[in-house]
Every structure is written in C-alpha cells, then in structure tokens.
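Report on one structure; see the data block that follows.
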Amino acid sequence: MNILITNDDGYQAKGIRVLAEIMCQFGSVTVIAPKFHQSGMSMAVSLGFRQIGYKKLPQLGPGDWSYLDATPASCVKFAVNLGLQPDVVLSGINHGHNAASASCYSGTLGAAAEAALNGFRAIGVSLDSLDGDADFSAVRAHFPLLFERLMAVPIDRYGIYYNVNFPNLPANEIRGIRVGHQGMGKWIREFKEWNSDLYQKFGIDPGSFGFRGMGNAEAGETPYMMSGQFVDDPRNTERADHRLMQAGYISITPDHLDMTDEAEKERLLFQGFDTDF
C-alpha cells in the first residue's frame, strides 16, 4: 500500500511523526508536509506567483520525508505533480481537535478534501490536545484497527473523506468509536492583543510547531492573536462530533466535497427560481 501523509502543523510537529510511525506497518510511507505551521488554511492553495520551496529530508523517518513551503492542500497537489498515486492520504495527527465548526477552517481537513478531489481515499486524524508534546498513545493503540476498518469499507461515491477525532484520554479510558455528524457552534471574543503567555496556558511551545512571524509587528501596528471561546449550539444532537469526543468516544464524521444543500435546492425549485429569459 502506498501511503501519503501531510498535516497542517508543519513537518516538525510530533503528531505527523507519530502518524508516520503508525502507518509504516501498512505499507510504503511518503511524507510531504508544510514547512511552517498552517492551521486554519482549510483548502487554501499557495497562489500568488511566489517561490515555493521544496526540500527532501533524508535524515527524517520513517518513510520518505520532505517539506513544501505551502499550505496542506498544496502539499497534496505537489505530491500529485510528482506523480505519486497513493492508495490513501492521511492528514495529521493534528494537535487540537477538528470537530464541530472547527472543521470548516481546518488545514488538516483541507488536505484530506484535496486528496478526495483528486480521487484518493482520505482521512484526517486529530487529537484534542494543543500540547506540542501531546500523548498520542491512544491513537497508537486504537487507530490501526480503525484504519483497517475504514479501508475495508467500499467508497461508492466520489468526494467522500473521513474526519477522525480522538479525545485527549489514555487509551484504556476511551469508551469506543461512534459515527457522528459535524456539530455546530461559533467562537466569540476571538481577537485578543498579542500575549505569548497564552501559549503556555494551552501547553503550546510555538517553536515546536514552526510558527512564522512570531512577534514581528511593524512600527505602528498593534499585534493581535486569535484565541476565542467556543459557544455550543443547543440544537446539536448527542451524535455531534464534538459532543461524542467530550463523552470519551473516538468520533468518525464522513465529509463530502459537495457542499450543496439538497433540501434548500429543492425549496428554491419549488419557489419557481428556475426562470427562462
């Protein structure tokens, strides 16, 4: 099996190294990951006619490693450009969950979506911990069997990819696996004036993630950072992915490239929006 791995935390993150170690038992691993941290990039690509640096990293492993100074989705595009035809693309392991509306912004899932767009099986994997030295032992314990089960499921429609979120619990405290749906919610009070101490609050060492532009405000600028509070939508069901994770389950959410709301499409048709001029 040919396996392509990328992420949005950058090639230096612990999570992607752990994922490569897990996946080596299943086949040949190629890692092409962003040079720098790329959270929140969704499916963005590195346009703008700028130079995009690529570098092989033979000293790293397991597998064949390289970085690309570009977004996660661009890393998948680049792999295709190199002629790689993976049997599956995995993105992660992300430091921090990608459940609920976080999935709308996720660079981890943006890479998985790009893989699905190119006709590849794709899985995004996240752990609900922002700690740069997070404990991934639960992922090591439970993901291999989960991966085998997902790979055994035939995909009969174009555009499907899977979003897997692990709670930040020891392996023996995880209650099981649940199939869920994307939860809803929003963030409030998102912009705060720059305060590097907030990273310590979340157990984050920015250097371990390869952040770019730390504390480099120009004269006259007021530096801000995003660190909001999540407000859960009361209409969420118990199968909402973030609620499953909070209840101690590994959540699997099947996502799709087609964002068309079929019910709303039918409503507009019923309202007579189809018009000839």
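For the stretch 71-142, the residue among GLY83, PRO72, GLY132 whose Cα projects farthest onto the positive side of the dipole built from Cβ charges is GLY83. If the segment from LEU84 to TYR105 were pulled out straight at 0.36 nm per residue, it would be longer than the present Cα-Cα gap by 4.9 nm.
Taking Cα centre as origin and charging only the Cβ of basic (Lys, Arg, +1) and acidic (Asp, Glu, -1) residues, the dipole magnitude of the chain rounds to 500 debye.
Using a/c under 1.5 as the rounded threshold, could you call the stretch 30-156 rounded, prolate or oblate? The axes a ≥ b ≥ c are square roots of the C-alpha gyration tensor eigenvalues, and prolate needs a/b larger than b/c, oblate otherwise. Cα axes put the stretch 30-156 in the rounded bin. With R₀ fixed at 22 Å, the C-beta to C-beta distance from SER137 to MET1 puts the FRET efficiency at about 0.35. Ordered by the count of other Cβ atoms within 10 Å of each Cβ, fewest first, PHE136, PHE36 give PHE36, PHE136. For trypsin sites (Lys or Arg not before Pro), the sites in the stretch 72-181 that DSSP calls loop and that have at most 11 other Cβ atoms within 10 Å are ARG157. Label separation (GLU21 vs GLN59): 1.9 nm, computed from points 7 Å beyond Cα along the C-beta direction. Highest GNM mean-square fluctuation among LEU117, LEU90, LEU198, for the chain modelled with Cα contacts below 10 Å: LEU198.
Residues within the reach of a label modelled at MET151 (point 7 angstrom out along Cα to beta-carbon, backbone nitrogen below 18 Å), restricted to the stretch 52-69, are 62-64. Considering only ALA73, ALA247, ALA217, the Gaussian network model of the chain with Cα springs below 10 Å gives its largest mean-square fluctuation to ALA217. Histogrammed with a bin width of 10 Å, the alpha carbon distances of the stretch 26-79 distribute as 25, 51, 22, 2 percent, first bin at zero. Taking square-rooted eigenvalues a ≥ b ≥ c of the alpha carbon gyration tensor, is the chain rounded, prolate or oblate, where a/c under 1.5 means rounded and, failing that, a/b exceeding b/c means prolate? Note, shape of the chain comes out rounded. Comparing mean-square fluctuations of ASN168, ASN118, ASN98 from a GNM of the chain with C-alpha springs under 10 Å, the top value falls on ASN118. Applying both filters, DSSP loop and at most 14 other Cβ atoms within 10 Å, to the GluC sites (Glu not before Pro) of the stretch 90-192 gives GLU190.
No value in this document is a laboratory result; all are computed from the given coordinates. What you are looking at is a predicted structure, and each value in this text was computed from that prediction instead of being measured. Backbone-built Cβ (ideal geometry, glycine too); neighbour counts: all protein chains shown.
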